[in-house]
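Note sheet for the following structure.
The values are calculated or read from the model by the stated rules, or taken from the named source; none is laboratory data. Quantities reported herein were computed from a predicted structural model and do not represent experimental measurements. Counting neighbours? That spans all protein chains shown, and the Cβs are built from the backbone with ideal geometry, glycine included. We work out accessible area using only protein heavy atoms, side chains counted, and drop any ligands, DNA or RNA first. Shrake-Rupley method; radii C 1.70, N 1.55, O 1.52, S 1.80 Å.
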Amino acid sequence: MKVKKTYRKISFRIVIIYIIISLFWILLSDVLLFRFSPESLFISMTKGIIYISLSALLLLYLMKQSWSVQNDLIAKEYEDDLTGLQNRSSLQKNLTNIIHNKERFHLLFIDFDRFKMINDLYGHEIGDIVLKKVSDTLRDNSHIRFSDVISRWVADEFIVILKNKSDYEVDLFVSSILAETSVPLHIAGKEIVNHISIGSVHYPHDTTKSSELLRFAEIAAEEAKKNGGLTHIRYRKELSDKVNRELYLEEGLKHSLEKQELFLNFQPQISTNTQEIIGVETLIRWVHDEQTISPGEFIPIAEKSGLIIQIGDYVLRETCKNIPCIEDTIGKSLYFSVNVSARQFYQKDYISRTKQIIKETNINPAKIVLEITESIIMEYTDFVIESLHELREFGFQIAIDDFGTGYSSFKYLELLPVNIIKIDQSFTQSIDKVRTKAIVQSIISLAHNLDMQILAEGVEDLFQVNSLKKMNCHFLQGYYFSKPLTLDNLLQQYK
């Protein structure tokens, strides 16, 4: 539509210029020619010849201008304005032609993980710069040939078509892209961490339909993202079956709150010295269509879809509502630990919403332990440090969950207002090994030296209890003491 309007403007301009010059020629030509020759026949013939010649030259010039503009507009119709790469329309056209020519190729779907968070935290201008740098990295890669296709599909997603390449050559390209894009970018004084996930599909091995090629590659990229990102997954049929299951669960999650399918479980946290309950970790559970859905299955779906934001608020609010009842029945003051996902934490209004829930339920925030993972800390560090300090100043306790499984930078332990370190269950359950025992002892000693409390997760037997007690671990949590309990069972067991 835009191109047609521009064509009309060009045509209209040609007509106007032609009319103006013609009027000037009609009004002035007789006077000019009469000075050279007073004969009327000569004047008439000369006027005709000059008029035709000038008209032809003018029209030729204007038409060339029009063709140039039209070619530029047609080129822009198939070019992404921001990155200069082929756009969605161009990609679809090229893909159709390549399939028609029966060329063998790999189609790669490159997904920029957490790009929305970059936009939310630093603004769209910095987000655009990041996208340009990613597109330059793709375009300048040494494994790209002139015949290959690079396209910006939508927003933070790119498509690359590698023609007539072996699996080994595709792996070389993928490895180089992952390595280059994982290097932090320094823009406007900020360090931006890139994470991309890549899914690939092969024509004609996986499918011969263009729509399926794109969908299958996207499914593979989503699987790569679920595996932590910064990786490449090739499509296989089982992934489609998995996606259908996820769509079913996502649709169910959308209505889970209004149908009251979600509920809380509480896993006791025990003092190592007294063996008495000192707190609980609140855990979300879901029963859908009369089936209990594992948190390991539905939490990642809630994260991806954004439903985790509503669910996270629900968990905190319901926890706060139950605190008076739990403490009155058990007869002591407790800590209540609540998990905070990355998707929740990076929301601009997360802190204000969290504070509001505390005010609405009239609970002392010092009773609430907000558990965050190391991965949250390591990305967007300045924002995280500032946010955690604000939460601590309000009164919340802060715990690092699954400590030791992520990046474990001691520098950030010094900067962050953390109260509690939670040792991951993988260390607890391997504490009988000499090297693991040494690591656990080091973490516990570190916590003591930083005046932090330490809790070990996944405690399942007496040997682990005694080992951790000798190491002066403050608190224990795991199936040795209790599995996660419903509210009624918790109250009955500890009243």
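The table below lists the values:
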read-out	value
Ranked by how many other beta carbons lie within 10 Å on average, peptides 242-250, 268-276 from highest	268-276, 242-250
Under the Karplus curve 6.51 cos²θ - 1.76 cosθ + 1.60, θ = phi - 60°, whole-Hz ³J(HN,Hα) for region 268-279, x wherever Gly or Pro sits	x, 10, 10, 6, 5, 7, 9, 6, 9, 5, 10, x
Filter on K132/K348; K132/K242; K254/K495 - keep pairs with C-alpha separation over 31 Å	K132/K242; K254/K495
Long-range tail of P(r) for region 263-415 (Cα pairs > 24 Å, %)	36
Cα coordinate range in region 141-269, projected on the principal axes (Å, largest first)	57, 46, 28
Hz values of 3J(HN,Hα) by residue in region 453-464 - Karplus curve (6.51, -1.76, 1.60), Gly and Pro given as x	8, 10, 10, 9, 8, x, 6, 10, 8, 5, 4, 5
Those aspartates and glutamates that a straight Cα-Cα span of less than 17 Å connects to K355, excepting residues fewer than 8 apart in one chain	D313, E318, E371, E386, E390, E393
Over 16 Å [Cα-Cα, region 138-191], rounded percent	51
Region 64-221: Cα Rg divided by the 2.2 N^0.38 Å rule of thumb	1.09
Prolate/oblate/rounded label for region 286-328 (Cα gyration tensor, a/c 1.5)	oblate
Zero-based 10 Å bins, Cα pair distances in region 196-282, whole percents	15, 27, 21, 19, 13, 5, 1
Whole-percent carbon and sulfur share, accessible surface of region 328-437, 1.4 Å	45
Sites S166 and S271 - FRET efficiency at Förster radius 51 Å, r taken between beta-carbons, to 0.05	0.25
Range of Cα positions in region 89-174 per principal axis (Å), largest first	44, 27, 19
Length gained when the stretch E79-E393 is fully extended (0.36 nm per residue, less Cα-Cα span)	108.1 nm
Separation of the N489 and F463 label points, Cα + 7 Å toward Cβ, nm	2.7
Local electrostatic count, E281, Cβ distance below 10 Å [Lys/Arg +1, Asp/Glu -1]	-2
FRET efficiency for I16 and K116, using Cβ-Cβ distance with R0 set to 60 Å, rounded to 0.05	0.80
Gyration tensor (Cα) of region 367-495, equivalent ellipsoid semi-axes in angstrom	25, 20, 12
